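Here is the structure we will look at, set down as structure tokens.
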Amino acid sequence: MSDIVKEATEYRIKQIELAEAKYYKTLIATLDRIEREVISLANRLPTQDGKLIELQSAIAIRPRIKFILEKEYLAWSDTVVREGFNKQAKRIEKAFKLIGNIPPEFQELTKGDLALVQNLKQQYFTQFKDVSNTFTRRLSEKVYQNTLVGSDFAVLEKELRQTINGIYASADDPEAQRLIDYINENKFDKSKRAIVDKSIQTLQSKFARDRAGENMKRYAGQILNDSLRDFDATLNFNKSNDAGLTYVKYYGDVIPTTRDHCRNIINGVYDKRKSGLFTIDEVKSLWANRSWKGKKSGNPLVVRGGYNCRHQWSYVNPDWYDSKGELII
């Protein structure tokens with residue numbers, strides 16, 4: 001018998017991955033536009049012999065940087081939370097209908113669910129807006145600090161580009177730009193993961209680009225990842241709670257970068273039952289009594305393995321499984 005719970009959960013996970021890949025591509029285009037517009041704006045700063053010279057102009061540039069980020073980045077963020085969240089809410093509803101075996105009134109989105117969706121939209125849009133505010137400040141500080149010490153404009157330009165896009169900032173070298181374009185285009189293609197990793201290593205070593213760093217692309221990409229998955233987990237948690245489902249099962253791929261915590265749950269290391277089911281209290285206990293890199297605060301049924309975690313819980317009734325742990329609904 002096919003496992004309808006597994007199929008429904010994998011459907012949700014797959015759709016999140018597709019949505020993330022879609023919005024990540026538009027994020028790349030958005031940040032590239034921001035990079036071009038900010039550099040064009042900075043190009044108008046007064047210089048003498050190639051060096052920045054006027055603090056008043058450096059201070060006056062901040063509201064114009066803010067305008068660029070809000071025009072480009074917040075418009076992109078609004079699309080993610082409005083379109084992306086609405087579509088994932090419908091997919092959760094579809095998954096509940098697919099599984100069935102719970103009262104029909106819990107299989108559809110209720111007024112309470114829709115109110116929660118709206119609240120989550122506002123919550124995550126605020127997080128996106130915080131990134132815009134943070135990098136408005138950081139970019140403005142770069143301009144001011146470099147002007148204060150009379151840096152060459154080329155120094156400021158490099159810092160601005162890398163503050164926005166990190167190692168993926170536009171490059172004059174054609175080979176470096178080809179690597180950047182390849183990485184951006186194939187980041188979510190599992191069949192090309194090894195080539196993408198090798199391209200990143202080449203970008204770091206041959207072109208002296210540091211992968212670490214607090215750049216806008218890194219933060220925006222992480223919020224994109226976490227917001228789509230945390231939204232799915234929160235809405236799923238609340239609907240399941242309303243339906244009286246108090247047991248869960250963990251789903252998702254195990255890949256080389258999977259955290260040990262997630263790997264152990266999926267591989268049955270912590271199992272008390274053949275079915276691989278956990279009570280919500282057991283999940284909270286597992287989460288509270290262990291530490292791992294990337295763990296974040298919050299409800300473990302929502303934050304799961306932590307930052308960038310690609311796994312999800314599904315809520316079930318233990319009566320759906322036989323003594324061997326096989327699904328019988």
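Out of the range 297-324, which residues are part of a loop (DSSP other than H, G, I, E, B) and either surrounded by 14 or more Cβ atoms within 10 Å (Cβ to Cβ) or touching a residue at least 60 places away in the same chain (Cβ under 8 Å) (or both)?
At the first step, the residues of the range 297-324 found to be part of a loop (DSSP other than H, G, I, E, B) are 297-299, 304-311, 317, 322-324.
Result: GLY298, ASN299, ARG304, GLY305, GLY306, TYR307, ASN308, CYS309, ARG310, HIS311, ASN317.
Select from the range 279-293 the residues that are open to solvent by 90 Å² or more (accessible area, probe 1.4 Å) and outside any helix (DSSP H, G or I) and write down the one among them that is nearest to GLY306 (Cα to Cα).
LYS293
Within the bounds of the range 241-264, is there any residue that is among the aliphatic types (A, V, I, L, M), touching a residue at least 24 places away in the same chain (Cβ under 8 Å), open to solvent by less than 40 Å² (accessible area, probe 1.4 Å) and part of a helix (DSSP H, G or I)?
Residues of the range 241-264 among the aliphatic types (A, V, I, L, M): 243, 245, 248, 254-255.
When the remaining residues are screened for being touching a residue at least 24 places away in the same chain (Cβ under 8 Å), the result is 243, 245, 248.
Okay, now just the ones that are also open to solvent by less than 40 Å² (accessible area, probe 1.4 Å), so 243, 245, 248.
Retained after the next criterion (residues that are part of a helix (DSSP H, G or I)): none.
Checked against the condition, which is being among the aliphatic types (A, V, I, L, M), touching a residue at least 24 places away in the same chain (Cβ under 8 Å), open to solvent by less than 40 Å² (accessible area, probe 1.4 Å) and part of a helix (DSSP H, G or I), the range 241-264 yields no hits at all.
Can you name every residue in the range 34-59 that is farther than 14 Å from VAL143 by Cα, in contact with a helix residue (DSSP H, G or I) (Cβ under 6 Å, 6 or more places away or on another chain) and open to solvent by 50 Å² or more (accessible area, probe 1.4 Å)?
Selection gives GLU37 alone.
Quick one: which of LYS190, LYS217 is touching a Leu at 6+ places or on another chain (Cβ under 7 Å), at pLDDT below 95 and not acidic (Asp, Glu)?
Values: LYS190 fails: touching a Leu at 6+ places or on another chain (Cβ under 7 Å).
Only one candidate qualifies: LYS217.
Quick one: is ILE328 in contact with a strand residue (DSSP E or B) (Cβ under 7 Å, 6 or more places away or on another chain), in contact (Cβ under 8 Å) with a residue 40 or more places away in the chain, within 30 Å of LYS192 (Cα to Cα) and not polar (S, T, N, Q)? Can you show your working first?
Numbers: in contact with a strand residue (DSSP E or B) (Cβ under 7 Å, 6 or more places away or on another chain): yes; in contact (Cβ under 8 Å) with a residue 40 or more places away in the chain: yes; within 30 Å of LYS192 (Cα to Cα): no; not polar (S, T, N, Q): yes.
Against the criterion (in contact with a strand residue (DSSP E or B) (Cβ under 7 Å, 6 or more places away or on another chain), in contact (Cβ under 8 Å) with a residue 40 or more places away in the chain, within 30 Å of LYS192 (Cα to Cα) and not polar (S, T, N, Q)), ILE328 does not qualify.
Every residue in the range 1-33 that is open to solvent by 50 Å² or more (accessible area, probe 1.4 Å) and under 21 Å from GLN177 (Cβ atoms), please. Please lay out each step first, then the result.
Of all residues in the range 1-33, those open to solvent by 50 Å² or more (accessible area, probe 1.4 Å) come to 1-2, 6-7, 10-11, 14, 18, 22, 25-26, 33.
Correct list: LYS25, THR26, ARG33.
Just one of ASP230, ASP242, ASP173, ASP210 is at pLDDT 90 or above and not aliphatic (A, V, I, L, M); which is it? Let's see the steps before the verdict.
Numbers: ASP242 fails: at pLDDT 90 or above; ASP173 fails: at pLDDT 90 or above; ASP210 fails: at pLDDT 90 or above.
Step by step, each of ASP230, ASP242, ASP173, ASP210 is checked, and only ASP230 is at pLDDT 90 or above and not aliphatic (A, V, I, L, M).
Within the range 53-65, can one find any residue that is of a type in the set (A, V, I, L, M, F, W, C) and within 27 Å of the chain's Cα centre (by Cα)?
Residues of the range 53-65 of a type in the set (A, V, I, L, M, F, W, C): 53, 55, 58-61, 65.
Applying the additional criterion that residues be within 27 Å of the chain's Cα centre (by Cα) yields 65.
So far as the range 53-65 goes, yes, one or more of its residues are of a type in the set (A, V, I, L, M, F, W, C) and within 27 Å of the chain's Cα centre (by Cα).
The values are calculated or read from the model by the stated rules, or taken from the named source; none is laboratory data. As the structure is a prediction and not an experimental result, all values here were calculated from the model. Note: ideal-geometry Cβ built from the backbone for every residue, glycine included; neighbour counts use all protein chains shown. For the accessible areas, the whole protein counts, side chains as well, though only heavy atoms, and no ligand, DNA or RNA atoms are used. Shrake-Rupley method; radii C 1.70, N 1.55, O 1.52, S 1.80 Å.
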